Amino acid sequence: MEKTSKTISLSDAAARIREGGVVAFPTETVYGLGANALDAAAVAKIFELKGRPRTSPLIVHVSSIEMAKKYAAEWPPVADDLASRYWPGPLTVVVKKSPAIPDIVTAGLGTVGLRMPAHELALQLIELAGVPIAAPSANRFTHLSPTTARHVEQEFGDAVEILDGGPCQVGIESTVVSVTSGELELLRPGMISIDATETAAPSEGSHPSPGMHPRHYSPRTRLLLVETPRALPDRRGAYVWWKKAGLTTCSRRMPRDPAAYAARLYDVLHQLDQENWPWIAIESPPATPEWSAILDRLRRASS
Ligand code: AMP
Ligand code: MG
């Protein structure tokens, strides 16, 4: 594991959270930029560091279902069912919020997104800090999410201390579902695929998820999503493929398995972005349910 100059210990990270500071920490999805979710001034520092608009709510990370219930005004049976099936894991459940959660965390909404991450260090950090941790991804607004401590350091330099837990195993952001209507509504696809139609048939776009900006998760380099290598602009860029290689100066082969693909995606994009290619092109993965979260991120990154 590569150590960065800004790495801190678990106990120091927990102390920072308790003192009202901000630390980057690992989860199984991406690295988060965390602060005490009960401390509005601490959470404000996250928005400042990221340059994130205050209209974009943060996910609150908890270390147990019991802790989640404490910060929910209502915890319907469907929330309990989801949490017991998928937690700890990459699923955020949006419920009505308790007054203990300050408005800045939820962008003024009456709801809060709660998640218990499947990463031992994240869970220990929450336990040691003794408070829920509000955290978006540890990158500047609209940039690529970080999946290693090094990505966080490249983004924030000396401004952020990092609890290094190695590379993230899932690699893309959590699935977000709302249960505030008592039924299930998918707000953001992720590697846990929830079939919202099982319990409800939400009308398309009826409750847009705040903060789902069309351009998001982007490298600096121009990013193209192509169906075939014949659509590449020329040979001078970097081609990221899984099925059919192209004749380009830089060629990166990706795994054919969606979980393995997701785990590598942001690291490959971070690396290529550092290499200053005239363009990065990605061979579009198949439009099947297992790939829907990956396709969602690729579309946002290339828009
Ligand atoms: P991230 O940008 O990865 O930190 O994820 C935060 C995302 O979770 C937001 O952009 C929303 O899509 C979703 N989210 C968090 N809290 C809420 C909420 N209270 N209501 C609806 N969506 C939420
Ligand atoms: Mg983010």
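Values in this text are rule-based calculations from the coordinates and carry no lab data. None of the values given here were measured: they were computed from a predicted structure. Cβ sites come from the backbone with ideal geometry, for glycine too, and all protein chains shown count toward neighbours.
Amide H contacts under 5 Å for GLU161: ALA24, restricted to partners 5 or more places along the chain or on a different chain, H placed in the peptide plane at 1.01 Å from N. What separates the Cα centres of the stretch 99-161 and the stretch 218-281 is a distance of 28 Å. The mean sequence separation of alpha-carbon pairs under 8 Å and at least six residues apart, normalised by the residue count of the stretch 10-198, gives a relative contact order of 31 percent. Amide H to amide H, with H built 1.01 Å from N, THR221 comes under 5 Å of no residue 5 or more places away or on another chain.
Annotation: extensible slack from LEU10 through ARG140 equals 44.4 nm (criterion: 0.36 nm per residue apart, minus Cα-Cα distance). The trypsin sites (Lys or Arg not before Pro) of the stretch 249-302 that DSSP puts in a loop, and whose beta carbon has at most 15 other beta carbons within 10 Å, are ARG256.
The SER251 and ARG222 beta-carbon pair, evaluated with R₀ = 25 Å, returns a calculated FRET efficiency of approximately 0.90. Take the cross-link list LYS6/LYS69; LYS70/LYS96; LYS6/LYS50 and give me the ones stretching past 23 Å between alpha-carbons. Violating the 23 Å limit, Cα to Cα: LYS6/LYS69.
To the nearest 20 debye, what is the magnitude of the charge dipole of the stretch 10-198 about its Cα centre, counting +1 on the Cβ of each Lys and Arg and -1 on the Cβ of each Asp and Glu? Result for the stretch 10-198 is approximately 380 debye, rounded to the nearest 20. Take the Cβ atoms of ASP234 and ALA159, set R0 to 35 Å, and the FRET efficiency comes out at 0.40. For the chain, the residue among LEU125, THR248, TRP87 whose Cα projects farthest onto the positive side of the dipole built from Cβ charges is THR248.
A simple charge model with +1 on the Cβ of Lys and Arg, -1 on the Cβ of Asp and Glu and nothing else charged puts the dipole of the stretch 52-137 at about 280 debye relative to its Cα centre. Pull out a ≥ b ≥ c, the square roots of the eigenvalues of the alpha-carbon gyration tensor of the chain, then state rounded if a/c is under 1.5, prolate if not and a/b is larger than b/c, and oblate in the remaining case. In terms of gyration-tensor shape, oblate.
Along the stretch 69-86 the Karplus relation, 6.51 cos²θ - 1.76 cosθ + 1.60 evaluated at θ = phi - 60°, assigns HN-Hα couplings of 4, 5, 9, 10, 6, 9, 10, x, x, 5, 5, 4, 5, 5, 4, 6, 7, 10 Hz to successive residues, with x for each Gly and Pro. Summary of packing: across the peptides 235-248, 91-104, the per-residue average of other C-beta atoms within 10 Å ranks them, highest first, as 91-104, 235-248.
Sites listed here are GluC sites (Glu not before Pro) in the stretch 242-302 whose DSSP assignment is loop and whose Cβ has at most 14 other Cβ atoms within 10 Å: GLU275. Using R0 = 35 Å, the C-beta based FRET efficiency linking GLU183 and GLU127 works out to 0.60.
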